[in-house]
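To start, the structure under review is shown below, and the notes come after it.
What follows is calculated from the coordinates using simple rules that are stated; it is not laboratory data. Model, not experiment: these values are computed from the prediction. For neighbour counting, all protein chains shown are included, and Cβ atoms are generated from backbone atoms with ideal geometry for every residue, glycine included.
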Amino acid sequence: MTRTWDVGTTAVKLVAVAGLLSSTAAMAETAVLAGIEEITVTAQRRAENLQSVPISITAFSDRGLEARGVETTEDLAQFTPGLTFSNNAVIGQAYIRGIGSNQLNIGSDPSVAVSIDGVYIARPTGSIQTFLDVERVEVLKGPQGTLYGRNATGGAINIISQAPTAELTGKVSLSMGNYEALSGAAMVSGPIVADKLLARVSVGRDKRDGFQLNVFNDERVNNLNNTQARAIFDFLPTDGLKIRLAGDIYHERSTRGLAAYVTVPGPPTLRFNTPIRSDYEHADMDARLGAKVDAHGLSATITKDMGDLTATSISAYRYSHYQLNLDLDFSGYAFAQNEPQLETSKTFTQEFRLASGNDQPLTWIAGLYYLNERAATENNYTFFATNIVQRPAGKTRTNAYAAFGEAYYRPWEPLRLTVGLRYSTEKRAVDVESRTNGVLSSFQGSSNFDAFTPKFGIDFTLAKDVMAYASVTRGFKSGGYNATSVTNPAFMPEKVWAYEAGIKSSLFDNRMRLNAAAFYYDYTDLQVIESVPGQRSNITNAAAATIKGLEVDTEVVVTEGLTLSGALSLLDAKYDRYSTIDSERPSLGLLNLKGKTLPRSPKFTATLGATYVVDMNWGNVTFRGDYSHTSKIQFVAFNTPAEIQKGYDLVNARVTIEPKNSGWNVSAWVRNLTDTHYAQLILTNSGFWGTAEFPGNPRTYGLTVDYSF
């Protein structure tokens, strides 16, 4: 049976829902109510109100993150329709509106750009971030090719740290929960030299036992164990000049994302004719599972306010290294292992920007960008059944340059026109050496890639605090190499043209926010993974796709103390052209995948939230509940049943007690209240393990105590 997606009918339903919420807000006008929290974002490289930016953005303030219990980038997906997030070991895989990357290769790049305080994180290892002392998080949906450049075809996730304060402040937080969870954080901020040198230092520690039991050795796996710290110094030598120096460090020793359970048996189980001993709560793996991650970064941001112009320079260095011990057959038999898998990345970036002031009909921003990355990887495969030992290792060198600009012109007050352009050029070189049972083979190569990524936009103020907008943008993801393969043709960049129209509105004296966006993508030269049973996979350009969808989000202050929020995403992401051989069913020959759903592209996602604050003489009690639904997720292009996660629901709840003028608050919380079992990643390889599922987090609960001064 063929299914069609009736956008018109859906739009009518959404308008009806919006009308109901509007009526609810209107009935509340008789009371004197506080408005919805206003969030300032820097999505367009300048400070603006979230509702005045003609881009589809989901933004969370520090208070919003805390109220929802959002602690990592992975948690964002539950509250951001259109965003999905998986982790394969310590490697994050973010998808926005069906565009993402599952490639675990230093010769390729992610499709969603993650930045911390304006510094791009080159490797997907860094996309799994624990939010320590964060001011806000911005999720930009759709290609951000002009201001963000390469590798933002799906969108961008911006993490902005809290700034040093002119007064002495501090905070201490301690959490305890099931699975022996214990986490703590501390922050202190204030002046070192009054009005000249300010500092902010924060540290955090997270530890939790694994929620799976490895029946092979009776050890807990999928645990957490990490420590991080950040220091920021603001030097204010003269009026209008600020020099910010920042440093951060991250240290992890865990087994998160390494353990899976087999749902379809592979060679180890079949060979020994034994039952599967793993499930959602149990693993059966003989390898010495472990992940070691060490990362640090330094940055210098210089900002000079010259009245009508603002100049900004961001210089940054980032280092990351991980070592993984992997069981490639997910069984208790010595069949295939990778001990260890290593990756190291050293990245230097430099960005210069010059921006006009905001109080004029024509405003603009222009800049230059440079990235230099040196990365290395090494694998140590042992295939016990065939007595094969492979040691593929690769090094990559990337130099990327860009020049960009974006201008905004108001020919008359309600109307604003936007035009932008970025030119990107880069050179990527690779050096691969692989030994198979001692026999050496090698490959060296280099390629140049360049792209123009324009943006055209228009927005119109229909009424006070109501804006309609439309845009056409182009995104570009870098080409590269298969950095551990000696049969190694380069793959080319992938590109997307995105067309979007939307509306942003703040109604009833900012007691209701209602935003909506419709989009259509023409996605070409997709970088896809093609594999052969029992062998490593390669990346190639072999597909084209069309992506279309509709998103709505709203928040409304219903009565004094009661706030409701909701969001939904309808997504239709399908291949227009893609023919390949399924390595799990090679006898079927070349398969035409036209019309198949793109991986990690659920057709429907939705969230609902409610906050109720009870104001008492001695303080406040806040009740918070959140619900999210994710429809069926395909994990492979073939849409085969074994690699499908059926639709699932998650429920969170939180109660916070905050005595007045005390600085204290205490929260009791539970995540995944119904203990829903779901897979955050499914992998199949009949030559190794069969089909294995990586479990999402089970029900967790605990108590958090905060003290601020």
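Between T563, A573, L590, the Cα set farthest toward the positive side of the dipole of the stretch 560-601 (charges on each charged residue's Cβ, about the Cα centre) is that of L590. Between I276 and F452, the contour length at 0.36 nm per residue exceeds the Cα-Cα span by 58.2 nm. I need the shape label for the chain. Rule: rounded when a/c is under 1.5, else prolate if a/b > b/c, else oblate, with a, b, c from the alpha carbon gyration tensor. Verdict is rounded for the chain.
For the stretch 331-394, how big is Rg over Rh, using alpha carbon atoms and the Kirkwood form of Rh? Taking Rg over the Kirkwood Rh, I get 1.47.
A helix-only calculation puts the chain at -1500 deg cm²/dmol for mean residue ellipticity at 222 nm, using -39500 (n - 2.57) for each DSSP H run of at least four residues, averaged over all residues. Taking other C-beta atoms within 10 angstrom as a stand-in for reagent exposure, I302, I121 fall in the order I302, I121, fewest first.
Between L354 and E167, the distance separating the two model label sites (each 7 Å from Cα on the Cα→Cβ line) works out to 3.9 nm. Stretched out straight at 0.36 nm per residue, the stretch from L182 to L309 would grow longer than its current Cα-Cα span by 41.0 nm. Taking the square roots of 5 times each eigenvalue of the Cα gyration tensor of the stretch 413-554, largest first, gives ellipsoid semi-axes of 45, 17, 12 Å. Extending 7 Å from Cα along the Cβ direction at N387 and again at L588 yields two label points whose distance is 3.7 nm. The C-alpha atoms of the chain define a longest principal axis, and helix 7-27 lies at about 40 degrees to it. Candidate cross-link partners of K594 among the aspartates and glutamates, defined by an alpha-carbon separation under 20 Å and a same-chain spacing of 8 or more, comprise E494, D522, D525, E530, D572, D576, D582, E584, E643. Is the stretch 90-183 rounded, prolate or oblate when judged by the Cα gyration tensor, a ≥ b ≥ c being the square roots of its eigenvalues, rounded requiring a/c under 1.5 and prolate requiring a/b larger than b/c? Note, shape of the stretch 90-183 comes out oblate. Structure note, pairs K207/K477; K242/K395; K207/K346; K455/K646; K141/K646: Cα-Cα distances above 31 angstrom occur for K207/K477; K242/K395; K455/K646. Counting only Cβ charges, +1 for Lys and Arg and -1 for Asp and Glu, the dipole size of the chain around its Cα centre is about 1240 debye.
Footprinting exposure proxy ranking of E180, E252, fewest other C-beta atoms within 10 angstrom first, gives E180, E252.
With a Förster radius of 45 Å applied to the C-beta separation of D218 and E530, the computed FRET efficiency comes to 0.70.
Dividing the Cα radius of gyration of the stretch 585-709 by 2.2 N^0.38 Å, with N the residue count, gives 1.56. Could you pull out every residue, at least 5 positions away or on a different chain, whose amide H is within less than 5 Å of the one on I581? Hs are placed 1.01 Å off N in the peptide plane, and Pro or chain starts have none. For I581, whose amide H was placed from the backbone, the distant partners under 5 Å are L591.
The phi-based Karplus calculation (6.51 cos²θ - 1.76 cosθ + 1.60; θ = phi - 60°) puts the 3J(HN,Hα) values of the stretch 456-471 at 10, x, 9, 9, 9, 7, 6, 7, 4, 6, 10, 10, 10, 8, 8, 8 Hz, whole numbers, x for Gly and Pro. Across the stretch 157-173, computed HN-Hα scalar couplings (Karplus, 6.51 cos²θ - 1.76 cosθ + 1.60, θ = phi - 60°) run 10, 9, 10, 10, 6, 5, 8, x, 10, 7, 10, 6, 9, x, 7, 10, 9 Hz from first to last residue, x flagging Gly and Pro. Whole-Hz Karplus values for the stretch 664-680 come out as 9, 8, 10, 10, 10, 9, 9, 10, 6, 3, 8, 6, 5, 9, 8, 9, 8 Hz, taken residue by residue from phi with 6.51 cos²θ - 1.76 cosθ + 1.60 and θ = phi - 60°; glycine and proline positions read x. Ranking N87, A186, G107 by how far each Cα lies toward the positive end of the dipole of the stretch 7-708 (charges on Cβ) leaves G107 at the top. Placing R0 at 41 angstrom, the Cβ-Cβ distance between A300 and S662 gives a FRET efficiency of 0.60 after rounding to 0.05. Here the residues S471, S447, S442, S111, ranked from fewest to most Cβ neighbours within 10 Å of their Cβ, fall in the order S442, S447, S471, S111. Here r is the Cβ-Cβ distance between L417 and A194 and R0 is 51 Å; the resulting FRET efficiency, rounded to 0.05, is 0.70. In straight-distance terms, cross-link reach from K660 covers every one of the aspartates and glutamates whose alpha-carbon lies under 14 Å from its own, apart from those fewer than eight places away in the same chain; here that gives D615, D706.
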